[in-house]
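Please treat every number below as a calculation from the coordinates, not as lab data. What you see is a predicted model, and the numbers here were worked out from it, not measured in a lab. We place every Cβ from the backbone using ideal geometry, glycine too, and count neighbours over all the protein chains shown.
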Amino acid sequence: TADAADAVIDALDDDRTASEAEEALGMLGPAAILASSRRARAGAPPARAACIEQLGHIADESTRVIACQAILDATFDGAPDLARAALLALAHVGDEGTFGLATRWLGADAPPATRQAAALALSACAMKYPDAARSLVGQVRPDSADAAAAAIIIGALVIADVAAAAEDVAFLSDAASNESAVVRRAAVEALSAFDGAPAVEAVSFALADEA
């Protein structure tokens, strides 16, 4: 099985066979975790990125820890393309450890595709681990650089009751005036998920301020 997994992973590096290789890797499933984890950590960046992203699809509950460790290890060199692949994978299999990595890639200096993957991973993990996500929000000020992460989490965990959501809306309203455009955008997007006059007013004010 290991030899078969390596052969399939080799095919990921060829545009002519990549699609078929992804399908074959999916059929191998958790049996390909060790080979994919090893290849995610070393080799040419495009092949590593493909392996990293596939880890998010083939891991199951019994292999998730192995996959997550390989995914996180692959981001140590700070390459944006590898980080993007890692964040896309973690959107499927990530745990509370995803919050820190995703937050680091939400900055204005991150490539847009990597920043988008970070937002996706944050939203997905917030819904799976709402208590940990809420704890993170509680540690962030709306005028800080990390407020984008908090805004994305709040948007993923929208409270239906208008009165109960007042604290979230207040945070987002303040974040919509943050000096960072990334934070302002995240706050406005999160506010748009809320009902009620305060949220609508905050969105209108923020959009007018951007004009």
Rh by Kirkwood over Cα pairs, then Stokes-Einstein D for the chain at 0.890 mPa s and 25 °C, µm²/s: 136
Show me the ranking of peptides 29-39, 76-86 by mean Cβ neighbours inside 10 Å, starting with the highest. 29-39, 76-86
State the dimensionless ratio Rg/Rh of region 1-92 (Rg: radius of gyration of Cα atoms; Rh: Kirkwood radius). 0.92
Among ILE9, GLY43, PHE76, the residue whose Cα sits farthest towards the positive end of the charge dipole of region 1-89 (+1 at Cβ of Lys and Arg, -1 at Cβ of Asp and Glu, taken about the Cα centre) is PHE76
Please give the charge dipole size of region 1-134, origin at the Cα centre, charges +1 on K and R Cβ atoms and -1 on D and E Cβ atoms. Round to the nearest 20 debye. 500
